[in-house]
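Down below is the structure, laid out as C-alpha cells.
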Amino acid sequence: MDAVEGGPLRVDARNRLAPGRFSGVTPPFGVLTNGMLLRSLSALLTCGLLSACGVAAGWAAQPAPKDAQPPAGQAKAKSDKPALAKGMTAEQVLKIAGKPDEIRPIKNPNAKAEAWIYRRVLARTSRETATHVVERPAFQGPGPSGEGVAIDPVTRQERITTYQVTWVLMIEGRMQVAKQTREVERSFD
C-alpha cells in the first residue's frame with residue numbers, strides 16, 4: 001500500500017487515511033490527528049448536508065419585498081376575501097365581517113355614530129401562577145432553637161386568552177375607519 005506523506009496525516013493510494021506520525025500520541029495544540037480530522041470532516045459534512053437540505057426545503061428562503069414583481073407568465077395572487085374599506089355601507093360590512101360581537105353607540109349631536117366591535121380568539125394558554133405565599137414552621141439546622149420559618153408559594157391554574165379586537169367606526173350607516181388592537185383576558189380556576 002503506497003502512502004503519500006502529508007504532514008501529520010497520510011493518505012494511501014485509495015484516498016484512505018493511514019496512521020500518521022502522531023498515532024497513539026497526544027498532538028500539540030493546533031495539530032490534528034487522523035481521528036480528530038475524521039471527526040471534524042464528518043461534522044463539516046453533516047453541517048453541509050443539513051444546510052443543503054434546509055435550502056432545498058425553503059427554510060433559508062427570504063421573503064420577497066412587497067414591491068417585487070412576479071415571475072414572467074404569473075399574475076400576482078390576490079386575496080379571495082374582500083377587505084373593509086372607507087365608505088362601505090353597513091350591509092357591505094355585515095356581508096364581509098359578519099354580525100359584530102358588540103355595538104356601542106357614540107354620542108354625537110351631528111350624526112348617528114356607532115362603534116362595531118369584533119373579537120377573535122388568537123391564543124388560549126394556561127400556566128401555574130404563584131398567587132400568594134404561606135409561612136410554615138421549619139427546621140433550620142443546628143443552633144439555639146433549630147426552628148425557623150419556611151416560605152412556600154401557593155399556585156393556581158391561570159387561563160390566558162388573547163383576542164384580536166377590530167373596532168369599526170360607523171357614521172350615518174357608512175364605515176369611516178377600522179382599527180385593530182389586542183386584548184388579554186386572565187382568569188384563575
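Could you go through segment 131-149 and let me know if any residue there is over 24 Å from Leu84 (Cβ atoms) and modelled with pLDDT of 95 or more.
Narrowing segment 131-149 to residues over 24 Å from Leu84 (Cβ atoms): 131-149.
This time we only want the ones that are modelled with pLDDT of 95 or more, so: none.
No, there is no match, as no residue in segment 131-149 is over 24 Å from Leu84 (Cβ atoms) and modelled with pLDDT of 95 or more.
Looking at segment 85-92, is at least one residue over 26 Å from Gln180 (Cβ atoms), among the acidic types (Asp, Glu) and either free of Cβ contacts under 8 Å to residues at least 24 places away in the same chain or assigned to a loop (DSSP other than H, G, I, E, B) (or both)?
Of the residues in segment 85-92, the ones over 26 Å from Gln180 (Cβ atoms) are none.
Checking segment 85-92: not a single residue is over 26 Å from Gln180 (Cβ atoms), among the acidic types (Asp, Glu) and either free of Cβ contacts under 8 Å to residues at least 24 places away in the same chain or assigned to a loop (DSSP other than H, G, I, E, B) (or both).
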Quiz item: Give me the pairs: first residue in segment 94-106 and under 14 Å from Arg120 (Cβ atoms), second residue part of a strand (DSSP E or B), beta-carbon distance under 7 Å, and six or more apart or on different chains, which are they?
Solution: Ala97/Tyr118; Pro100/Trp116; Pro100/Ile117; Pro100/Tyr118; Asp101/Ile117; Asp101/Tyr118; Asp101/Arg119; Glu102/Ile117
Quiz item: Can you find even one residue in segment 169-183 that is assigned to a loop (DSSP other than H, G, I, E, B) and of a type outside the set (Asp, Glu)?
Solution: yes
Quiz prompt | Per-region count, segment 159-176, residues in contact (Cβ under 8 Å) with a residue 60 or more places away in the chain and surrounded by fewer than 16 Cβ atoms within 10 Å (Cβ to Cβ) | solution = 5
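Would you check which residues across segment 103-119 are assigned to a strand (DSSP E or B) and surrounded by 11 or more Cβ atoms within 10 Å (Cβ to Cβ) and list them? Can you show your working first?
In the first step, residues of segment 103-119 are kept if they are assigned to a strand (DSSP E or B); the result is 103-106, 113-119.
Those that are assigned to a strand (DSSP E or B) and surrounded by 11 or more Cβ atoms within 10 Å (Cβ to Cβ): Ile103, Arg104, Ile106, Ala113, Glu114, Ala115, Trp116, Ile117, Tyr118, Arg119.
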Exercise. Just need a number here: residues in segment 99-138 that are out of contact with any strand residue (DSSP E or B) (no Cβ under 7 Å at 6 or more places or on another chain) and not charged (D, E, K, R).
Key: 3
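The values are calculated or read from the model by the stated rules, or taken from the named source; none is laboratory data. Treat the numbers as computed from the prediction; the structure is a model and nothing was measured. Methodologically, a virtual Cβ is constructed for each residue, glycine included, from the backbone with ideal geometry; neighbour enumeration extends over all protein chains shown.
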